[in-house]
Amino acid sequence: MATSAPTAHKSKINPLLRLVLEAGPLGVFFFCNSRFGIFTATGAFMAATVAALAVNWALERRLPVMPLVSGVFVLVFGGLTLYLEDELFIKLKPTIVNSLFAVILLGGLATGRSLLKPLFGAAFQLDETGWRSLTFRWALLFIVLAIVNEVVWRNFSTETWAAFKVFGIMPLTIIFTIAQMPLILRHQLPEEKDARD
């Protein structure tokens, strides 16, 4: 890895493009499911996920951890869905991924580590109490998302479940993220002044 690489690695994707990369595959899934059914939608979802990760890599020369882990599960569970012709697997994917994220974050807290810090530390600087609180809140969100996914796919049609993934989960996550701003601002560390000042 070249010594000049870190600057390029830390280049930030436009927030609108980042939203498209994260939500785009879900939009493709919803559209294809409504037109062609769950199996075609699953294949399109897998392809769109790979494309989004490829674009992210091309722009930043790195892959964000959460989209990468989620993408791997999309490919594994999507592949099982298509191979076995059973939509159960793609429906279980959000439950398993969100549960995994929750366990990892809570496990980190149990061992004294706030595992969101390495992920979001470049975006903002918080004191340790802030990182712990933010990590705990995200863990709770992932638990809620896992439970909600179970409730929806078990009690409603595939079309309703697919629509909820796009028009329920995404807005809920965005609202949750915005709602964390008071905590972030309260625990934000003051910026270090230039040594020449």
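A few comments on the model shown:
- Stretchable slack from Gln180 to Asp86, in nm (0.36 nm times residue separation minus alpha-carbon distance): 30.0 nm
- For segment 17-23, putting each phi into the Karplus relation 6.51 cos²θ - 1.76 cosθ + 1.60 with θ = phi - 60° gives couplings of 5, 4, 4, 4, 5, 7, 8 Hz, in residue order, rounded to whole numbers and with x for Gly and Pro.
- Surface composition of the chain: carbon plus sulfur atoms hold 68% of the accessible area, using a 1.4 angstrom probe and ignoring ligands, DNA and RNA.
- In the chain, the inverse of the mean reciprocal separation of distinct Cα atoms equals 18.4 Å; this is its Kirkwood hydrodynamic radius.
- Restricting segment 35-140 to trypsin sites (Lys or Arg not before Pro) that sit in a DSSP loop and have at most 15 other Cβ atoms within 10 Å of their own Cβ leaves Arg61, Arg62, Arg113.
- Pairwise FRET efficiency - Leu59 versus Glu128, Cβ, R0 = 30 Å, nearest 0.05: 0.40
- The C-alpha atoms of the chain define a longest principal axis, and helix 128-155 lies at about 10 degrees to it.
- For the chain, the solvent-accessible area works out to 59 Å² per residue, with a probe of 1.4 Å and every protein chain left in place.
- Near Leu126, the amide H atoms lying under 5 Å from its own belong to Leu189; only residues 5 or more places off or on other chains count, and H is placed 1.01 Å from N.
- Here the simple spin-label model places points 7 Å from the Cα toward Cβ, and for Arg35 and Val103 these points are separated by 3.8 nm.
The values are calculated or read from the model by the stated rules, or taken from the named source; none is laboratory data. These numbers come from a predicted model, not from an experiment. With ideal geometry, Cβ positions are generated from the backbone for all residues, glycine too; neighbour counts draw on all protein chains shown. Protein only, heavy atoms only, side chains kept; ligands, DNA and RNA dropped before computing areas. Shrake-Rupley method; radii C 1.70, N 1.55, O 1.52, S 1.80 Å.
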